[in-house]
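Report on the structure given below.
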Amino acid sequence: EHQHSVEIRTEHTAMGKSNSVTSVTLVVATASFVAGVAVAFLASSALGRRVPCSSSSSSDKQKDDTTNTPPSTSRSSNSDKSTQCTANLAGPKKNEAQLAESHCWKIVEHSFTGALIYVMDRLDLYETMWQYRPRGASVRQLAETTGYSQRWILELLSQMTAAGICTYDVDGEIFALKAEYAALLRPPEKEERSMAGMFQFLHGLVKDRPDSTIEATRTGIGKNYDFGESPAVIEGIERKNRNFFLTHFLPDIIEKVTVPDTGKSLVDMLDSGVDCADVGCGCGMSTIVLAKRFPKSRFYAYEASTRSLQILGAKMEQEGVKNIVLCDVAKRTVDKGPRPGQVVDNTFEFVYSHDLLHDMTNPRALIREIRGRLSRRGGCWVIVDVKCRERLEDNLAMPDVALNYGFSSLLCLSSATSCKGAEGLGTMGFHSALAQKWMSEAGFEHFEEIEIQHKSDNSCFIVA
């Protein structure tokens, strides 16, 4: 579908149909050329096509293979109206077989695009191209600016153009980065909606994790977050979450919380100066934001990942933050409180955890520890975790759920099964009903759920 100014719009190619924001979001199943099976799995997640649990309508069956839709499954109905995903035992019709083959090729195509988005990010080529907006630049200009090989730049930009991310002007031999993709692929320091960290994160997953996933499937035992030689997973997560914490964390979560026992705002409590725990703090972006906003309070940053704590320590030094205490959980656990060995005044007034409990081998033990160390005089715990449902069929009906099961299969379930006897929740395992049940069993008396405006794929629980 060439126009003479050749903006190659790929309604039928790598980035899917015309919704450009969704296209890039969905390409996130990225990654490395060396891990075909895992890449293909993640890429199918990226296509954003959930396996339907209902039979296709007659109009759906008329669609050609440009829809990229995988073969549909049929719903069997029974007396309790439960949903069942069933295979077509008679074998696929010819058109269904063609759709399946087309879908598989799209998985491969998206995998290459995802891997090369990571390459472009690491070479800082998106940012370089953005400097030449709106007209764009020739390969020679880009090579002179970066010092990179003209031949390799040509090949990379040809693929980006075929994928719908860039445009190419035939007469001037000019490549340009589309503005809507620049907003998603430039560095997070430059664009609030940047997804660059996601591609780095997924590159690390696919580089280090497929073999461990094969082993875990055979043995039942996964690997923790620090597994593998590449820092891309840890660094990618930090880049992926950076702008949410800097921009939306305080107004969307912290400022909305009313402390259940006192009726006062969480902000007022933190402003007064209290002991707080950020449990599972990762690289500490949430901790840094809290510590800078509430300098009278002290924040104890608990984390099992050594790499993450090293990154947080470097940030603290760089930004001059003094009211954070680093806590390696291999040496200092939450149940010891802010003042280990002290009997009186050794509780936390506020605890925060973000995308933690579904990753843990023994989340119920942590829940009991926090119950034991959370102040009975107006303390509260805010839990943010992946939004999911109690039943598998309800999870399968959620948008882009293949993406979350992809994350789980390569990372979250691996962490959650990294020792014998683990709970093994995984990304889609910590639903609201389970959370409320476990909190009640641990002795918490208050449980409520609030919506997060800019993170609709997460649940937020307030517990006291």
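For segment 425-464, the solvent-accessible area works out to 43 Å² per residue, with a probe of 1.4 Å and every protein chain left in place. For segment 330-464, what does the alpha-carbon gyration tensor say about shape, rounded, prolate or oblate, given a ≥ b ≥ c as the root eigenvalues, a/c under 1.5 as rounded, and a/b over b/c as prolate? Note, shape of segment 330-464 comes out prolate. Given R0 = 45 Å, the distance between the Cβ atoms of Lys296 and Glu96 translates into a calculated FRET efficiency of 0.10.
Extension gain for Asp328-Glu451 works out to 41.2 nm (0.36 nm per residue, less the C-alpha to C-alpha distance). With a simple spin-label model that places each label point 7 Å from the Cα along the Cα-to-Cβ direction, the separation between Phe227 and Glu441 comes to 2.5 nm. Summed over the residues of segment 109-222 and divided among them, the accessible surface reaches 45 Å² per residue at a probe radius of 1.4 Å.
The dipole here belongs to segment 365-464: it is taken about the Cα centre, uses +1 on the Cβ of Lys and Arg and -1 on the Cβ of Asp and Glu, and is about 460 debye.
Element breakdown for segment 202-350 at a 1.4 angstrom probe: carbon and sulfur atoms account for 50% of the accessible area. Quick check: from the Cα gyration tensor, does segment 281-362 come out rounded (a/c under 1.5), prolate or oblate? Judged from the Cα gyration tensor, segment 281-362 comes out oblate (a/c at least 1.5, b/c at or above a/b).
Quick one: grab the alpha carbon gyration tensor of segment 213-271, order the square roots of its eigenvalues as a ≥ b ≥ c, and give me rounded if a/c is under 1.5, else prolate or oblate depending on whether a/b is larger than b/c. Prolate, since a/c reaches 1.5 and a/b exceeds b/c.
Among the trypsin sites (Lys or Arg not before Pro) found in segment 344-448, those both in a DSSP coil and sparsely packed, with 14 or fewer other Cβ atoms within 10 Å of their Cβ, are Arg376, Arg377, Arg391, Lys420.
The values are calculated or read from the model by the stated rules, or taken from the named source; none is laboratory data. This structure is a prediction, so every number in the text was calculated from the model and none was measured. Reconstructed Cβ throughout: ideal geometry from the backbone, glycine too, with neighbour counts over all protein chains shown. These accessible areas exclude ligands, DNA and RNA; they are computed on the full protein's heavy atoms, side chains included. Shrake-Rupley method; radii C 1.70, N 1.55, O 1.52, S 1.80 Å.
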